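Accompanying notes for the structure given below.
Each value in this text was obtained by applying a stated rule to the coordinates, not by laboratory testing. Treat the numbers as computed from the prediction; the structure is a model and nothing was measured. Glycine also receives a Cβ, built like all others from the backbone with ideal geometry; neighbour counts cover every protein chain displayed.
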Amino acid sequence: MRGTAVAVCLFALTATAAAHPRHHKSHPHKHATRAHERVAVAAAIAVPHEAVHGQSIGAPWAGHLQDPARLPEGDGYVIRRPWRSYGTRTTVGYIERAITEVRDRFPAMHVLAIGDISAEHGGQITEHHSHQSGRDADIGLVYTHQPAGYPRSFVHADAGNLDVAATYELVEAFAETAHDDGGVQMMFLDFRLQGLLYHWALDHGVSRDHLDWLFQYPHGRGSSDGVVRHEPNHDNHLHVRFRCARADSDCR
């Protein structure tokens, strides 16, 4: 991980507890252990960069980006189109931190594909309606074996090739920022893949209350439940949308 390592044990522990109070309440011993593991990881991870006024301008689907931060090349991931790897400082920081957390728990996993965030100055780009203001990021999924063509291309996931444990951890790593400044607002993932993650987590001791907070599944594609929502053509990557940071007053 690039950037200056900052001791953020208290920050990480507080953020985790705030984001998932029901999750921890249901399994105090198990999730206390998990929290301690994340504290150890967080101590070596840079805190997302401070938000800047007027960096993300407008909405994700009608906006632009100024004074951008660029996701740097790093160990364990490949940026598919570097000219579209620009975002807000908080967006870039949270992406780096999430990848580090997942790789710490799954050190043998293959490299991760990082898709589009935004162009250097934001605005409309091909293949996307959103990704205009530096707060959307497409993140490749994790597979039991690295598929042919990956990470240069996203690959369709199903029950036969998805590393469900590592992909669930990836989703959780982003979801844990939900109550942090500039943290995750919403994620988009195919409803069927949500079901695979949901049932795996339920079988491994995660509370149903927490999973109902996290996933739209099983409440239906049109429901307003869950941080993770269904969107067509999202069976090969996770689309993460971050909220406006408090200091970024031109963000919508």
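Look through the stretch 132-143, keep the residues that are under 18 Å from Y77 (Cβ atoms) and assigned to a loop (DSSP other than H, G, I, E, B), and return whichever of them is nearest to the chain's Cα centre (by Cα). Please lay out each step first, then the result.
Within the stretch 132-143, the subset under 18 Å from Y77 (Cβ atoms) is 136-143.
Within this subset, residues satisfying the condition of being assigned to a loop (DSSP other than H, G, I, E, B) are 141-142.
Numbers: L141: 11, V142: 13 Å.
Of everything passing the filter in the stretch 132-143, L141 is nearest to the chain's Cα centre (by Cα).
On the basis of being surrounded by fewer than 22 Cβ atoms within 10 Å (Cβ to Cβ), within 27 Å of G222 (Cβ to Cβ) and of a type in the set (S, T, Y), does S130 make the cut?
Working: surrounded by fewer than 22 Cβ atoms within 10 Å (Cβ to Cβ): yes; within 27 Å of G222 (Cβ to Cβ): yes; of a type in the set (S, T, Y): yes.
Yes, satisfied.
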ask   = So how many residues does the stretch 178-219 have that are touching a residue at least 12 places away in the same chain (Cβ under 8 Å) and in a helix (DSSP H, G or I)?
value = 16
task = Considering only the stretch 98-145, state which residues are touching a Lys or Arg at 6+ places or on another chain (Cβ under 7 Å), of a type in the set (G, A, S) and free of Cβ contacts under 8 Å to residues at least 60 places away in the same chain.
result = S118, A119
task = Kindly provide the set of residues from the stretch 148-159 that are under 21 Å from P232 (Cβ atoms) and over 20 Å from the mean Cα position of the chain (by Cα), ordered by number.
result = A159
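Whether any residue in the stretch 195-216 is under 14 Å from the mean Cα position of the chain (by Cα), buried (at least 20 other Cβ atoms within 10 Å of the Cβ) and closer than 30 Å to R89 by Cβ is what I want to check. Can you show your working first?
Start the filter on the stretch 195-216 by keeping residues that are under 14 Å from the mean Cα position of the chain (by Cα), which leaves 214-215.
So of that shortlist, the ones also buried (at least 20 other Cβ atoms within 10 Å of the Cβ) come out as 214-215.
Now narrow it down to the ones that are closer than 30 Å to R89 by Cβ: 214-215.
Within the stretch 195-216, one or more residues are under 14 Å from the mean Cα position of the chain (by Cα), buried (at least 20 other Cβ atoms within 10 Å of the Cβ) and closer than 30 Å to R89 by Cβ.
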